[in-house]
Every structure is written in structure tokens, then in C-alpha cells.
């Protein structure tokens with residue numbers, strides 16, 4: 001038999017492909033196909049003709065601009081906040097003080113908490129008779145409850161959403177950064193100390209530059225996820241703060257229009273891909289960034 | 001019990017890299033063969049091809065006359081000791097050693113007996129109930145050897161088994177492996193990059209480079225009569241010295257010109273070199289075969305001392321002859337300071353000559 | 001201990017404690033809310049510690065129409081997701097960890113990209129497809145998209161886990177009489193088991209927490225988060241608080257068990273060492 005043919009048929013050569021086959025088929029059917037279908041639904045009318053009507057309908061909707069605005073506002077506010085908080089936590093844990101592993105576990109706890117649950121948790125704080133108002137009252141700061149969550153106070157409502165999301169999703173950034181910090185060889189740090197870099201100097205000149213890939217990776221992942229913010233907003237603020245993912249949900253669930261819902265989904269995916277492209281284009285060390 | 005191993009035109013490539021290049025090899029029954037070479041020379045790949053852990057691209061592998069090329073490792077009648085020992089961390093020492101017999105579905109009491117026997121042989125019978133994490137590196141190594149021996153394999157394969165041990169333990173285990181082989185008599189193929197290990201253990205040594213066997217001979221042959229410049233340079237501490245020389249003839253006598261000086265050759269070589277007059281060659285000589293004189297008088301080769309390193313029993317001089325640098329072993333009594341010119345006398349019988357272009361040894365028979 | 005070092009250590013602990021309180025207090029507050037009598041939830045000003053410990057709020061939540069049913073659905077979907085994800089993802093993780101083959105890097109890159117993709121949004125077109133296939137409003141349908149979301153993580157985690165089991169061990173087993181599969185079952189699998197269990201729990205949590213796709217793909221067979229989300233506007237506050245707390249408990253529980261493996265999930269690079 002031809003050597004190459006035998007080699008191809010030999011289990012050792014083909015085995016890895018057999019092992020990959022299920023996941024490739026799965027990704028094809030439940031990832032690539034719906035991706036394709038989403039585009040089809042968004043651009044094709046029921047009679048099969050290409051149309052931009054659904055996108056026009058989406059853009060013309062009164063809530064669209066608001067949703068777009070809030071989605072971006074949320075991402076722009078939350079992502080930097082989370083990066084800073086997580087970096088502080090990661091550097092703190094990285095000093096390796098006694099009990100730091102335990103604190104790391106505590107800090108990472110919200111990682112397991114869903115966005116819906118996080119929204120409800122912070123609702124108990126921000127609701128009219130919630131904990132925040134009660135505490136402010138008992139401290140004598142206010143006389144009657146502040147309406148943190150209301151159409152009259154969209155600014156405060158927005159802040160409440162920011163606080164809930166900040167609280168929930170900082171843990172993901174933390175985990176990425178701590179993993180990145182663990183990758184930095186102790187040799188570099190010791191070399192830095194020998195060369196006279198201590199404390200903040202060491203952080204600024206050695207740790208941060210080496211942590212850059214992790215920071216960038218966290219930045220991309222969190223931005224993409226922030227753009228999808230949905231359940232936190234719905235649980236905490238109902239429809240006071242419209243967001244793009246929420247609109248997709250409403251169009252599908254309330255208005256039963258999967259075309260416009262798909263248009264929203266495609267729009268969001270396009271923004272996500274665009275954002276990733278933007279980051280990768282303007283930040284260096286691309287592969288490391290995607291690898292996380 | 002002990003089987004012969006035969007490789008016929010075995011080739012193994014990884015992508016574009018040819019790890020084993022159409023190798024022919026015959027290992028006699030009961031022989032201890034060492035595959036020696038620098039890292040990346042294909043010695044481990046050769047071993048893995050024998051074991052069946054790598055599928056050969058081409059060629060055949062025979063063990064005990066049986067064509068095993070297409071057989072999985074489990075059906076080849078081999079046992080292997082890995083560089084990392086590969087002792088199963090989730091099994092006790094006894095379970096580790098008995099693993100292979102269990103796979104053969106040997107009766108329980110037989111397994112127990114065999115395990116105890118081999119454990120005693122390797123002096124780990126006290127450790128049978130422990131887990132590998134409770135063992136030292138040396139003890140794990142013994143478990144790995146015991147696990148292979150208990151199978152009573154036709155062929156025992158060892159991949160750098162001593163390289164993870166510290167120097168003292170390595171010395172001790174080396175002697176023990178040699179003793180074990182004498183007692184058990186299994187055909188053994190042993191991979192190492194350590195030439196001392198190869199010289200001390202092997203019945204024969206196969207020196208490999210870039211997937212090819214450069215020389216396959218008994219240890220003293222490999223040491224004294226390297227087949228080429230590579231083997232001479234790879235084996236021995238320090239490696240063989242090489243001097244550029246030219247075959248010349250004067251007054252009816254053939255001699256080798258090293259720079260402006262002449263080195264006499266063996267009488268037997270005289271006539272054989274006759275036909276090579278004017279040819280450039282490489283002269284090879286080992287450090288211990290050079291006699292050192294305080295001054296270059298009486299026809300000794302003048303050499304300038306570069307460095308002297310006292311090594312306890314002797315001192316090692318790095319000297320320069322023309323453009324070539326040599327290592328010379330001498331007694332510690334001789335005082336040699338850097339810059340000093342000394343005289344070298346080469347032991348005629350120990351001189352090797354190599355073709356300057358191919359690096360192959362010149363054969364005169 | 002010198003004065004500056006003592007100061008430094010004190011500051012470290014103060015900082016760590018502050019962050020820990022920031023994380024823990026909201027969880028503590030929702031826990032309290034869930035065990036406050038329903039009428040006290042609306043009291044003004046509300047005391048931080050309720051007048052009495054009460055199971056009424058929790059009982060009301062669990063007895064509400066559809067909750068127990070959706071809880072059962074959630075557990076089933078999560079278990080199905082776990083089974084699908086491991087069945088599909090673990091072999092791929094093993095292949096990536098063990099073999100070098102053409103296309104390996106492309107596959108890994110593809111997995112890393114799907115990990116970052118907003119997969120939940122694919123529920124919208126999938127709803128249309130699932131209606132055709134008869135998978136709409138079924139637990140399997142939800143489990144399938146949850147699997148699509150969890151799969152990249154499962155592949156990455158299992159790759160890391162199998163890389164942690166030296167190839168030598170399996171090869172040793174093969175020289176000792178095992179087939180390739182036998183070596184996997186007897187050596188690699190037992191050693192990978194703790195890691196695989198963590199991967200399973202992580203998958204479970206992903207499915208348990210997911211709400212967008214679950215809501216889009218179901219009508220009657222809601223999962224717990226989908227049920228809570230769709231009834232949220234019509235539910236009293238104490239129902240929402242109890243629901244929020246109830247959804248949090250298993251997550252906290254699982255986080256405890258997978259804490260050692262956390263860095264495999266997002267810190268992909270660590271797993272590759």
C-alpha cells in the first residue's frame with residue numbers, strides 16, 4: 001500500500017481529527033448555522049427577497065437610539081471601572097500576604113452569580129424602601145426615600161445599573177489579571193528589585209508592562225460582554241434604561257418579530273466584531289490577547 | 001527470553017525533519033546496546049520506533065524475528081523505562097509494578113509473588129504500600145525499572161533513565177543497572193546523551209547524529225578508533241584533539257607536517273601514506289596520549305599554554321599549536337603558566353588520521 | 001517587625017477587607033431579605049436586621065406558580081448541558097493536549113474566538129430553526145445553545161487538564177499491555193477526574209445562570225431564570241429577592257469547589273504552561 005495512504009488511514013494520524021469531529025460538527029450546527037440564519041432573517045423578507053426594511057424598522061423605533069446610547073454609555077463607564085478595580089485587587093492579592101488565597105476566592109465569588117441574580121441583589125439595595133434609603137434615613141441624611149429607580153431619575157437609575165454590573169463582572173477581569181500576574185516570572189521581579197525598583201516603581205515599570213496582554217484581553221472580553229448587558233438592567237431598572245440586547249428580547253418576545261429581533265442580534269454581533277477588530281488593530285500582541 | 005532486534009531501513013519524519021534516516025540496526029540477543037548522541041540526533045525516536053510508540057514512515061522493525069512494525073506497543077514483548085519514570089501517581093508502588101501483569105490477567109497470587117521478587121531485587125520491597133509522591137527520585141526510578149523487569153520482557157528499552165538523578169545517585173544506579181543486566185540478561189537498548197554512561201554500560205555503542213548511526217562498535221573501539229571527526233569530538237572528556245596536518249615525504253620517510261613542525265608516524269603507516277603525499281589530513285589524538293615536556297626541545301611540538309586547570313589527579317592544559325587549540329592531560333607536578341611554551345610528544349600508536357573534507361577516518365587495511 | 005512593614009501589612013489587610021466587604025455585603029443583604037417576613041420588606045425605614053427570621057418569603061417564592069417546575073427544568077437543562085458539553089468538548093480538549101496535528105492551532109484559535117463571541121444572541125435565529133425541528137420550547141433545545149456557550153470553555157479547560165497529565169504515563173501504560181483507549185481509561189482519566197469534575201461544575205453554572213437564550217427559546221418550559229425574568233414585572237419584591245438569593249446559592253457552592261481551576265477558564269495562558 002502507498003505509504004502516504006497507509007499513514008492517512010493509520011489511527012494515530014486520524015485519531016485527533018476523530019476526537020475533534022463532534023465539536024466541529026456542533027460548532028457548525030449550533031454556532032455557524034444560526035449565525036448565518038441570523039443574517040438571513042435580518043436581511044430577507046418572508047418571500048425571500050433581500051430587504052433592509054427590518055433594519056429601517058429597528059432604527060426608526062423610538063427606543064433604538066436610547067438603547068444604543070445606554071449600551072455604549074454602560075460599556076464606557078463599566079469597563080474602565082472594572083479594569084481599575086480588578087487591577088487593584090489583583091496587585092493586592094499578588095503581594096502574597098497571609099490569607100491572600102482566601103481573599104482571592106472571596107473577590108472571585110461574583111463570577112458564579114448570574115446577571116439576573118445580581119440585578120435582583122442590587123434591587124434590594126436601591127429599591128424605594130431598600131437598604132440604601134433605610135441606611136441614609138437612619139443616619140439622618142434624608143427624610144424621605146430617594147427614588148433611585150424611576151423614569152424621573154434616569155441618571156440615578158443608570159448609576160444603579162453601573163454599580164450592579166461593576167460588582168458582578170469585575171471578577172472575570174480579576175481572574176484574567178491574576179492569571180497574567182502568575183505568568184510573570186519571579187526572576188524578573190527579583191531582577192527589578194536588585195536593580196533598585198521597589199514598591200510602586202516595580203508595579204509601574206515591570207509588572208504593568210508585562211501584564212499588558214492580560215489587560216488588553218480583559219478589555220476586549222469585558223467590552224464585548226458589556227455590550228450584551230441585559231438581565232441586570234431588566235431586573236434592576238425594568239424598561240427605564242433600554243439596552244440593545246433588551247430590545248432584541250422585546251422584539252422577539254413581546255412583538256413576535258424575529259426579523260427585527262435578528263436585526264438587533266446581527267447589529268450587536270457586528271458591533272462586537274467591530275470592537276474586537278478595533279482593539280486588535282490598535283493594540284499590540286494580538287495572539288496573546290485572544291489567548292487571554 | 002532475550003530476543004534480537006532488527007531494524008531495516010527505518011525512517012521516521014516529523015513534518016520536514018527527518019528524525020531517523022533509513023536506519024539499519026541489529027541488536028544481538030542479550031546485548032546491552034547504547035544509543036548515544038547529542039540532543040535531537042534521533043536516538044529517542046529510534047527507541048520509540050522499537051517500542052511502537054512512534055509509527056515508522058517506512059522500513060520494518062523485527063523483534064525476535066517477528067515483524068512487529070504494525071503492532072501496538074502492548075503486543076511487542078517490550079518493556080520500557082521512561083526518562084520521567086512515568087510512575088503512575090494514583091497507584092501504590094505494588095500496583096505500579098503489578099500493572100503490566102494485571103493487564104495480562106495473571107493470577108493474583110502470581111502477581112503478588114512476582115512483584116515481591118522484583119521489588120527485592122531492586123531493594124524497594126519496603127516501599128510497596130507507598131504512593132509515588134512519598135518516594136524520592138531514586139526510589140521512583142527503581143519502581144520504574146522494577147515495573148519493566150517484572151514483565152520479563154524480551155526486550156528492555158530505557159530512555160535516559162538516569163538523567164533526572166543527582167550525580168552521586170547516578171553513579172550508583174549505573175553500576176546497579178549493569179549488574180541487573182548481567183543477572184537478567186534481557187536484550188537492552190539504552191538511550192543516553194552521556195558518553196561516560198555509554199562507555200560504562202554498553203556492550204556496544206551506536207553513536208548517532210542527525211538520524212544516522214555514525215559508528216556502531218564496542219566502547220573501547222569507539223573511544224580509541226572513532227570512525228570520524230564527529231565521534232572523536234563527541235566521546236571522551238576532554239574530546240579528541242584535532243590538528244591540521246599535511247602528508248609529506250622527505251629523505252625517503254613519510255611524515256605529517258603540522259605547521260612548521262613534523263610529526264613522525266608509525267612504521268606500518270609509512271608505506272600506506274606513501275600514496276597520499278601532499279594531501280591535507282586531520283590528525284586526531286586524545287589528551288592522555290600526549291606527553292608534555294617543559295620545553296620544546298628534541299623534536300617536540302612547540303605549544304603555547306593558554307590555560308591550566310588542576311583537576312585533582314591531573315591537570316588539564318589548554319594549549320595552542322599554530323591555529324589549533326588542544327587539550328592536554330599532564331601530571332600536576334609540571335608547572336605550566338599561561339604564555340609559556342612547552343613541548344608536546346604525540347604517542348605514535350594512538351594517532352588517528354581523518355580525511356580533511358569528509359571527516360571520515362582514514363583506513364589503512 | 002519594623003514599623004513600615006507593620007504599616008504596609010495593615011494597609012494590605014484594610015484594602016483586602018474593604019474589597020471583600022464590597023463583594024460580600026450585597027450577598028449578605030439579599031440573604032437577609034430572603035428571610036425577612038414579606039410585610040417587613042416594604043417597611044419604612046427598613047431595619048437591616050429583620051425583627052424575626054422567617055421562612056415565609058422563601059416559602060412564598062417556592063410555592064409560587066411555575067417556580068418548582070422551572071427549577072426542575074433548570075436542573076435538567078444544566079445536567080443535559082453538562083453531559084453534551086463534556087461529551088463533545090472533552091475529546092477535543094484531549095486531542096489538542098495530546099497530539100500535534102495539522103489544523104491544531106487553527107482549531108484552538110477558532111475556540112478562543114467563539115469564547116469571546118456573544119453566543120446567547122444566536123438564540124434569536126435558533127428559535128426559528130427550533131420551531132422547524134420541533135426543539136422550540138424544549139429542554140434539549142435550551143441545553144443545546146447552552147452547550148454552544150459552554151463548549152469553548154470546556155475545550156480550553158479540558159485541554160489544560162489533560163496537559164497536566166504527562167503523556168509518558170499513558171505511553172508507559174501502553175508499553176505495559178494497554179491499548180491506547182485502555183491507557184486513557186486506566187491512567188489519564190483517573191488523574192484528570194478532579195479537573196473534569198470542576199469543568200462539569202463550571203458548565204453547570206453557565207447553564208444555571210443563563211437567561212437570555214433560555215427566555216427566547218421557551219414559552220411553557222421555562223428555566224428558573226427565564227421564569228423569574230418573564231414574571232418579574234408582575235411579581236412582588238419579596239418574590240424577586242427570594243428568587244435572586246435562590247439563584248445565587250448553587251453558584252456560590254460550586255465556586256467553592258472549582259476555585260482551584262478558576263484560572264483555567266479565563267486565564268487561558270496559565271493552562272498552557
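Can you tell me what the convex hull of the Cα atoms of region B:241-355 projects to on average, as an area in nm²? Each step should come with its number before you reach the end.
Details: hull surface 28.0 nm².
Mean projected area of the Cα convex hull: 7.0 nm².
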Report summary line: For region C:191-253, the Cα-Cα pair-distance distribution in 5 Å bins from 0, as whole percents, is 4, 17, 21, 20, 17, 9, 6, 4, 2, 1
Query raised in the report: How are the C-alpha pair distances of chain B spread across 10 Å bins, as whole percents from the shortest bin up?
Result: 5, 21, 25, 20, 15, 10, 4, 1, 0
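Percent relative contact order of chain B, based on C-alpha pairs within less than 8 angstrom and at least six residues apart?
It comes to 15 percent, rounded to a whole number.
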Query raised in the report: Build a GNM of chain C with springs between Cα atoms under 10 Å: which of C:147, C:159, C:129 gets the top mean-square fluctuation?
Result: C:129
Query - Set of region B:165-183 residues, backbone N closer than 14 Å to the point 7 Å along the Cα-Cβ line of residue B:136 - result: B:165-173
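Looking at chain B, send over the antiparallel percent of its DSSP beta bridges, to the nearest 5. Present the calculation step by step, with values, prior to reporting the outcome.
On the way: 61 of 79 bridges.
Roughly 75 percent of the DSSP beta bridges within chain B come out antiparallel.
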Report summary line: The helix C:139-163 Cα axis meets the longest alpha-carbon principal axis of chain C at an angle in degrees, between 0 and 90 and rounded to 10, of 50 degrees
Query raised in the report: Put a dot 7 Å past each Cα toward the Cβ at residue B:218 and residue B:70; how far apart are the dots in nm?
Result: 4.1 nm
Query raised in the report: What percentages, rounded to whole numbers, describe P(r) for the protein assembly as shown computed over all alpha carbon pairs with 10 Å bin width beginning at zero?
Result: 2, 10, 15, 16, 15, 14, 11, 8, 5, 3, 1, 0, 0
**Report entry** Ranked B:352, C:5, criterion: other C-beta atoms within 10 Å, fewest first
**Finding:** C:5, B:352
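Can you bin region B:1-105 into rounded, prolate or oblate? Criterion: square roots of the alpha carbon gyration tensor eigenvalues sorted a ≥ b ≥ c, rounded for a/c under 1.5, prolate for a/b above b/c, oblate for the rest. Working shown, then result.
Numbers: a/c = 1.89, a/b = 1.47, b/c = 1.28.
Cα axes put region B:1-105 in the prolate bin.
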**Report entry** Projected label distance in nm at residue B:129 and residue A:162, using a 7 Å step from Cα toward the beta-carbon
**Finding:** 6.6 nm
Query raised in the report: Picking from C:247, C:116, C:149, which is most flexible by a Gaussian network model of chain C using Cα springs under 10 Å?
Result: C:116
Query raised in the report: When chain A is treated as a GNM, springs tying every alpha-carbon pair under 10 Å, which of A:243, A:194, A:260 comes out with the largest mean-square fluctuation?
Result: A:194
**Report entry** Kirkwood-type radius of chain C, with distances r between different C-alpha atoms, in Å
**Finding:** 21.5 Å
Query - region B:216-253 residues near the modelled residue B:270 label - backbone nitrogen below 15 Å, point 7 Å along Cα→Cβ - result: B:248-253
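Arrange the following residues from fewest to most other Cβ atoms within 10 Å of their Cβ: C:46, B:279. Walk me through the numbers on the way to the answer.
Values: C:46 23, B:279 15.
Fewest-to-most Cβ neighbours within 10 Å comes out as B:279, C:46.
Give me the inter-chain shielding for C:25-31: mean count of other chain Cβ atoms within 10 Å, whole number please. Mind dumping the intermediate values first?
On the way: counts 3, 12, 7, 1, 7, 10, 2.
Partner Cβ neighbours, averaged per residue: 6.
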Query raised in the report: Order of A:239, B:224 from fewest to most other C-beta atoms within 10 Å?
Result: A:239, B:224
Query raised in the report: Counting every Cα pair in region C:119-221, what percent are over 17 Å apart?
Result: 61 percent
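Based on the alpha-carbon gyration tensor of region A:52-291 and its eigenvalue square roots a ≥ b ≥ c, which shape applies: rounded if a/c is under 1.5, prolate if not and a/b is larger than b/c, or oblate? It would help to have the intermediate numbers written out before the result.
On the way: a/c = 2.76, a/b = 1.39, b/c = 1.99.
Oblate, since a/c reaches 1.5 and b/c is not below a/b.
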Requested in this report: Using R₀ = 25 Å, calculate the FRET efficiency as 1/(1 + (r/R₀)^6) where r is the Cβ-Cβ separation of residue A:45 and residue A:255; round to 0.05.
Outcome: 0.90
**Report entry** For residues of C:13-23, the mean tally of beta carbons on other chains within 10 Å
**Finding:** 6
Requested in this report: Compute the label zone of residue B:288 within region B:170-207: residues whose backbone N is under 17 Å from the point 7 Å along Cα-to-Cβ.
Outcome: B:195-202
Query raised in the report: How many Cβ atoms of partner chains, on average, are near each residue of A:254-260 if near means within 10 Å of its Cβ?
Result: 1
Query raised in the report: Roughly what angle does helix C:189-209 make with the longest principal axis of chain C, taking Cα atoms, 0 to 90 degrees, to the nearest 10?
Result: 40 degrees
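Mean residue ellipticity at 222 nm from the helices of the protein assembly as shown, using -39,500 (n - 2.57) per DSSP H segment of n ≥ 4 over the full residue count, to the nearest 500 deg cm²/dmol?
Values: 40 runs with 510 residues, N = 930.
Value at 222 nm, helices only: -17500 deg cm²/dmol.
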Query raised in the report: Along the three principal axes, how long is region C:1-148 when you take its alpha carbons, biggest first, rounded to the nearest angstrom?
Result: 60, 59, 23
Requested in this report: May I ask for the angle, rounded to the nearest 10°, between helix B:137-149 and the longest principal axis of chain B, with both axes built from Cα atoms and the value confined to 0 to 90°?
Outcome: 70 degrees
Query - Förster radius 41 Å - calculated FRET efficiency between residue A:239 and residue C:60, Cβ distance, rounded to 0.05 - result: 0.95
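Once the mean 1/r over all distinct Cα pairs of region A:158-204 is inverted, what Kirkwood radius in angstroms do you read off?
Working: mean 1/r = 0.0770 Å⁻¹.
Evaluated over region A:158-204, this radius sits at 13.0 Å.
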Query raised in the report: If you project the alpha carbons of region B:212-258 onto their three principal axes, what span does each projection cover, largest first, in Å?
Result: 41, 20, 19
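Values quoted throughout were computed directly from the atomic coordinates according to the rules given, and no laboratory measurement underlies them. These numbers were taken from a predicted model, which means no experiment stands behind them. Cβ coordinates were reconstructed from backbone atoms using ideal geometry, including for glycine residues, and neighbour counts include every protein chain displayed.
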